[in-house]
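The values are calculated or read from the model by the stated rules, or taken from the named source; none is laboratory data. This is a predicted model, so every value here is computed, not measured. When we count neighbours, we look across all protein chains shown, and the Cβ atoms used for this are built from the backbone with ideal geometry, even at glycine. Only protein heavy atoms, including side chains, enter the accessible area calculation; ligands, DNA and RNA are left aside. Shrake-Rupley method; radii C 1.70, N 1.55, O 1.52, S 1.80 Å.
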Amino acid sequence: MSMVDAELRYLRIWRAAVVMLAVIGVLAALVFVSPATNLAAFVVAAFTTGAIFLSIGLSRDLPSSDLLHVVPRGAVLGGLCLLAVCGYAAAIGAPTAVLLLLIVGISPPVVGWLRSGRPERPAGTLPRRRIRLPKASSRQLKAVRADPDPTAQWPMPKYLTAVVRSVGELSDEELCLAWRRSFNQLQRAMSADHRQAMVDVRRAYLDELERRHPDSFTTWLASNPRAAGNPARFFTHRADH
């Protein structure tokens, strides 16, 4: 199983557990908390969370279609999460804080951060296996730029031809942002064809990063990066984090 598949599987398991706990918490809120309090908490949380998602989306220059999908969804989820917390607080009291810390502590971002911060292996042990891209990808990339009709020489999906041609026009920051966004698109892919398409697109991004900055690319891979991580600090001077 690849690292991407393992992270996606863990993410789905964690989300399923959180959804189950949230449903229980909302039911507890309906039982132990008054309707007026539930309504007020939901409205305040939904408004606050929606504003946060809107600010983040605008800062990342998300298209309007994405904002219309992300902001309402985030607002509703924020309201339901607060209702769940109120339900657990009313039902079990102080242990609610322990439950929240546990959920955050085993969340994929925290686990990925802890994994990426592991100390280097001591001398004499086997080196960590690093990801190496096929050399054929580099030859194909050069062929696409040199040949106006690359599909005539070797089979390549039309969508990938367009991606390979367009990635060269992106700045380093835009390329890193496209890499991060592609993980969410891969996660939402339902069909096998769509999933393979996103894998090919992400490989095109990796090829371009390696072509531009081979030394930084090697350093990035050696840091054991997460599939959804931000590589900007290795390739740009203005990383978000």
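So here's what we get for this one:
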quantity	calculated
Efficiency of FRET between ARG9 and THR37 - r from beta-carbon atoms, R0 45 angstrom, step 0.05	0.75
Rh by Kirkwood over Cα pairs, then Stokes-Einstein D for region 11-102 at 1.567 mPa s and 4 °C, µm²/s	92
Accessible area expressed per residue, region 17-65, with surrounding protein chains retained (probe 1.4 Å, Å²)	66
Amide N of region 55-89 lying under 16 Å from the label point, which is placed 7 angstrom from the Cα of VAL19 along Cα→Cβ	73-74, 76-78, 80-81
Protection proxy ranking, peptides 77-84, 31-38, average beta carbon neighbours within 10 Å, highest first	77-84, 31-38
Kirkwood hydrodynamic radius of region 170-237, from inverse mean 1/r over distinct Cα pairs, in Å	12.3
Protection proxy ranking, peptides 224-234, 99-109, 49-59, average beta carbon neighbours within 10 Å, highest first	224-234, 49-59, 99-109
Packing-based ranking, highest mean first, of 194-205, 212-223 given that Cβ atoms within 10 Å are counted	194-205, 212-223
